[in-house]
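See below for the structure under consideration.
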Amino acid sequence: MKETREKVEKKFEKIIEVKNVTKTFDDVTVIDDINLSIRKGQFVTLLGPSGCGKTTLLRMIAGFETPTNGNIYIENAEMTAIPPYKRPVNTVFQKYALFPHLNVFKNVAYGLKLKQIDVECVDKNGQKTTKKRKYTKAEIEEKVNNALKMVGLADYGHRNVTSLSGGQQQRVAIARALVCEPKVLLLDEPLGALDLKMRKEMQIELMKMHKELGITFVYVTHDQEEALTMSDAVVVMNDGVIQQIGTPKKIYDEPANAFVANFIGESNILSGVMVKDFSVKFLDTLFECEDKGFAKNESVDLVVRPEDIKIYPADSDKGQLSGQVTSTVFKGTWYEMEIEANGYEFTVQSTTEAKVGAYVRLGIKPDGIHIMKKLRTVNEFFGVIDSEDTVKFCEGYFQFNNVDNLEKGTKVKVSVPFDAVTLTDDEEDGIIGGNVTQTLYKGTYYQVQIYTDTDEDFYTDTVDEWDIDDRVGISIAPEKITVEKIEEDGDEETEL
Amino acid sequence: MKKLSFKQKYFAFPYAFLCVVFVVVPLLIMLYFAFTDFEGAFTMNNFMYFFTESDTQNVLWRSIGIAAIATVICLLLAYPLAYFLANSHFNKYAVLVVLFVTPMWINSLLRTYAIRTLFEMIGLERGTLAVIIGLVYDFFPFMLLPIYTTLSNMDKSYLEASYDLGGGPLKSFTRVTLPLSVPGIVSGVLMVFMPAVSTIGITEMLGNKDVYLFGNLINDYLGEFYTWNIGAAYSFIMLILIAASMLITNLFGKEESSVGGAL
């Protein structure tokens, strides 16, 4: 059937728009210049590790927080500074926040009792006018009972909310929000406090409700499985920045970067080189792949899902790599094995088990390899030349080769390749100190992220393993630091 | 609950001993006096005396009235203050609360002396007004603290939920914050009303003969050896009144809200 233009437009209508929104709490940036639009009727999940800013973003849409910068629009109306009670959205809170002094019925009726509705009436002169009125008692009763029926708590109206189980409280919270007929339902990790079985049940019920009601759901979770199961679109966030937006399948099959690949599902993340189109080299082996358009010999990240690796007997001529099984765990319907090949430990899922110590051949088909652009390979900072051979950045004085003979006080852009950063156990041995915030195994080395005391992030590629929250020293080989003078009149500073 | 071990039980003995000697035994003695006459024979006359003397009843009503007025004033002053303190950014480390509660740590007799001197300085005469101000001044922290505790322990998400469901600040206050703070109000009211209704120190120091309250009445009866029996009976009536008011407020508090916070 051909859809009319109007229908198509309606279908793609944006209901929420987040434009250049930044939020800082006491100088800590929680949301960093985010742009996001959510289409009407979608089930959108904000997914990310704790502290990534997903809840803050939701709270800004709900109106509990005001963005430091940027604007939020709901149904094309500017809502940035509008209080929550004037927004056409309702929230299901993480800990339900049911009013303990009201019973189930009164909790659900709460929003209806406050609501004003427009009614058309004809005045004495025959003019049509709209008046505001409140719901009548009978209307409220009908709506509340319908809402309770929808969440399967039809006979619970008189019950005290504190006497309900977690799952029942959650249902009341959902009924309380939905009964107000919001344009958008916001859900802040609503299933976090439930046990696994209950969570699965509620997931299915929420999806059903979404389908039946046709309203937009914005759902916050840190559970990637939940996000992939329930959503039309997933927004993966980290460090206050959106890493990728896409359908669950797209995000799983084609993660935009190493973070997404690592966060979504089990994965083997490696570093490789695009030899030419459709051909990538990693672990000293050439593989066929389905990606093209990279520069010749461009260094890339790549992800191989555990289920995309096939195991063959050691004497088979199939497969590209030889490896040895180091561990195997039965996971119910498949075995999860660690297999070491060419110095990389692959995680492999297979329905057939290979015994620990056995030698096997590993085969990866072209469509099992997903190539990702490396996010960055160079750290960039702003600094000032301090003397003829030192440059100051991140509150540290680093030696460098001043080939251009820049004068003291010159503002410069400093570039340090990831592999030029050396970490030391003892903070005193480094020029500056910092905390390890993230490590990512890339096959032959670890990519470690260090957060300095000056709120800067250093990335380094190292063969050593570092633990999260380790305090480390950072030093840089002088010849690896390149500086570039910043033209004073330019706007480069703000752009970077 | 775990059963108390044999040893743990002993820790309660010192107080149990004190309790028997200074609370239970005196209560029994009071009861004995209340139900006997001067010669030691059983009688209900001491109680009959209360019900037949309208003057005495008036004194009791006046006591309740003045205590009620003082309690209401305390509540009206303390609630907005507690609300401000519980939500204030200035009160991050509860410094302001300590400032308001500090007077509680000073002996109430000293405080009453201080306020009497103050009244003399500004020329406020001794009488009902002075007594009420004195009561408010003395008992204010007992009203402030429980309300402040309840308000500042209240989960902010209830308020957010109310905003979210369309309740503006005023409606959210009357429909969520106020009902949820009832336990604090109840314990505040009890802690002010009960000592206020039986006060004697403040009336002695700040009142005149117009403010002759039930506490003073009991004091006078017990001051004369041959009227001890009546004094004991009146004390017993007071005790029952206090117990009754506690029971009523407790029931009221439970019905209104099941969240904790009462002292």
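Only the coordinates and a few stated rules stand behind these numbers; no lab work does. None of the values given here were measured: they were computed from a predicted structure. Quick reminder, even Gly has a Cβ in these numbers, built from the backbone with ideal geometry, and neighbours come from all protein chains shown.
Here are a few things to note about the model shown:
- In range of the label at A:N405: residues from region A:358-399 whose backbone nitrogen is under 15 Å from the point 7 Å along Cα→Cβ: A:388-389
- Measure of compaction for region B:1-151 (Cα Rg per 2.2 N^0.38 Å): 1.51
- Average beta-carbon neighbours from other chains, 10 Å sphere, peptide A:54-64: 1
- Among A:335-342, A:181-188, the peptide with the highest mean count of other Cβ atoms within 10 Å heads the list, and the full ranking is A:181-188, A:335-342.
- Cα-centred dipole magnitude for chain B, charges only on beta-carbon of K, R (+1) and D, E (-1), debye, nearest 20: 1100 debye
- Per-selection metrics, chain A (Cα): Rg and Dmax in Å: 27.8, 95
- Distance between the C-alpha centres of region A:190-218 and region B:133-206: 40 Å, rounded to the whole angstrom.
- Look at the dipole of region A:378-486 built from charges on Cβ: of A:I474, A:Y446, A:N402, the Cα furthest out on the positive end belongs to A:N402.
- Unsatisfied cross-links (Cα-Cα over 23 Å) in the set A:K113/A:K211; A:K113/B:K156; A:K276/A:K442: A:K113/A:K211
- Neighbours of B:D210, meaning other residues whose beta-carbon lies under 10 angstrom from its beta-carbon, give a summed charge of +3 when Lys and Arg score +1 and Asp and Glu score -1.
- Helix A:104-114 vs. chain A, principal-axis angle (Cα, 0 to 90°, nearest 10): 80 degrees
- Remark: mean inter-chain Cβ contacts per residue of B:164-174 equal 6, using a 10 Å Cβ-Cβ cutoff to other protein chain atoms.
- Centroid-to-centroid, using Cα positions, region A:105-183 and region B:43-102 are 41 Å apart.
- Extension gain, B:F22-B:N208: 0.36 nm per intervening residue step, less the Cα-Cα distance, totals 63.7 nm.
- Positive-end residue, the protein assembly as shown charge dipole about Cα centroid, Cβ charges, pick of A:S415, B:A86, B:A67: B:A67
- The magnitude of the dipole of region B:57-185, with charges of +1 and -1 set on the Cβ of Lys/Arg and Asp/Glu and taken from the Cα centre, is near 120 debye.
- Volume in Å³ per residue [convex hull over Cα atoms, computed for region A:268-373]: 86 Å³
- For the protein assembly as shown, size of Cβ-based charge dipole, Lys and Arg +1, Asp and Glu -1, in debye: 4560 debye
- Peptide-level mean, for A:99-111, of C-beta atoms on other protein chains within 10 Å: 4
- The three principal axes of the C-alpha atoms in chain B carry coordinate ranges of 72, 62, 33 Å, sorted with the longest axis first.
- Counted charge near B:Y226, where neighbours are those whose Cβ lies closer than 12 Å (Asp, Glu -1; Lys, Arg +1): -3
- One decimal place: the segment A:E395-A:V356 gains 9.0 nm when fully extended, by the rule 0.36 nm per residue minus the C-alpha distance.
- Among B:L180, B:L144, B:Y212 - extreme Cα towards positive end, dipole of chain B, charges at beta-carbon: B:L180
- DSSP beta bridges in chain A [antiparallel fraction, %, rounded to 5]: 85 percent
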